[in-house]
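Data block below; observations after.
The values are calculated or read from the model by the stated rules, or taken from the named source; none is laboratory data. Bear in mind the structure is a predicted one, so any value in this text is a computation, not a measurement. Cβ atoms come from the backbone with ideal geometry, glycine included; neighbour counts cover every protein chain shown. The accessibility values were calculated without ligands, DNA or RNA, using every heavy atom of the protein model including side chains. Shrake-Rupley method; radii C 1.70, N 1.55, O 1.52, S 1.80 Å.
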Amino acid sequence: ILNVEQSPQSLHVQEGDSTNFTCSFPSSNFYALHWYRWETAKSPEALFVMTLNGDEKKKGRISATLNTKEGYSYLYIKGSQPEDSATYLCAFMGYNNNDMRFGAGTRLTVKP
Amino acid sequence: DAGVTQSPTHLIKTRGQQVTLRCSPKSGHDTVSWYQQALGQGPQFIFQYYEEEERQRGNFPDRFSGHQFPNYSSELNVNALLLGDSALYLCASRHTGAAYEQYFGPGTRLTVT
C-alpha cells in the first residue's frame, strides 16, 4: 500500500451503537500514525498518536489499535453519541516526519 | 493561547488571479505546514517551513509558494489560479522538537470561479 486508505467512507449509526473504522497505511518507513476528529467548520482535533506496533490508546469511549507490520489501525467508538458525529481522519508519518499523509476520512453520523 | 489561526476564513477569486493566505502558529511553535483539501479527499501536503526556509515540499507546482516570517507566521501564495485550486487550505504548526504534536487551524476556503 502506497497511500493511506480509510474505510468505510461514511457511516450512519444509531445513538448507543458501537462502531469501528479502518485505516490502512504503508508498512515500511513507519514513524507514527495519527488519528484526528474533524467537525465541520472547526480545526481537526488530535485524538491519538501511535508509534509502536501493538499500541492501544484510549480516550473515554474512543480507542485505537495499531499494527505496523501489516499496516493498519482501527478506531473504535463505544456507545456512539450524536456529538461523536464528525469526520475521522488518519494520517501516516514516515521517518522524515516533515509531512503527514492523510486518508480521505470516515464521515460518522450518529442519529439520536 | 489562540491556537493556530488562519485568515481569511473564506475567499473567492477569479481564474488567473493570485491569492495570499495567512497563518499564525500556536504559541511556542516554530514549524508551519500547509495542506490542501479538495472535496472528497484527505488533506494533501503542500510544503513545510522552518527557520524561514522551505524544508520539504509535496507534489504541487511552482505556482504554490510560501514564506515564513521571523515571528514564525507564514503565508501561502498561489499564482495564476485555476478552477482546480478551489479547496480548503489548512495550516498546521508544531515545535520542531515535537514531531508528534501537530495542531491545525480551521482552514481557509478558497473558491476559484
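Considering only strands (runs of 3 or more DSSP E) fully contained in the stretch A:45-107, which possess at least 1 residues that are over 11 Å from the mean Cα position of the chain (by Cα), within 14 Å of chain B (Cβ to nearest Cβ) and of a type outside the set (S, T, N, Q)?
So the answer is A:45-50, A:56-59, A:86-94.
With chain B as the region, which strands (runs of 3 or more DSSP E) entirely inside it contain at least 1 residues that are within 13 Å of chain A (Cβ to nearest Cβ) and over 23 Å from A:Gly94 (Cα atoms)? Write out each step before concluding.
Working: elements: B:5-7, B:10-13, B:19-24, B:31-37, B:44-50, B:53-57, B:64-68, B:74-78, B:87-94, B:108-112.
Counting at least 1 such residues, we get B:5-7, B:10-13, B:19-24, B:87-94, B:108-112.
Would you confirm, using the coordinates I've provided, whether B:Ala99 is among the aliphatic types (A, V, I, L, M) and free of Cβ contacts under 8 Å to residues at least 12 places away in the same chain? Even if it seems obvious, please write down each step before you answer.
On the way: among the aliphatic types (A, V, I, L, M): yes; free of Cβ contacts under 8 Å to residues at least 12 places away in the same chain: yes.
In short, yes.
On the given criteria, is A:Arg101 among the basic types (Lys, Arg) and either touching a residue at least 60 places away in the same chain (Cβ under 8 Å) or surrounded by fewer than 19 Cβ atoms within 10 Å (Cβ to Cβ) (or both)?
yes
I want to confirm something. Restricting to the stretch A:28-84 and keeping residues that are open to solvent by 60 Å² or more (accessible area, probe 1.4 Å) and hydrophobic (A, V, I, L, M, F, W, C), which single residue is nearest to A:Asn96 (Cα to Cα)?
Out of the qualifying residues, it is A:Leu52.
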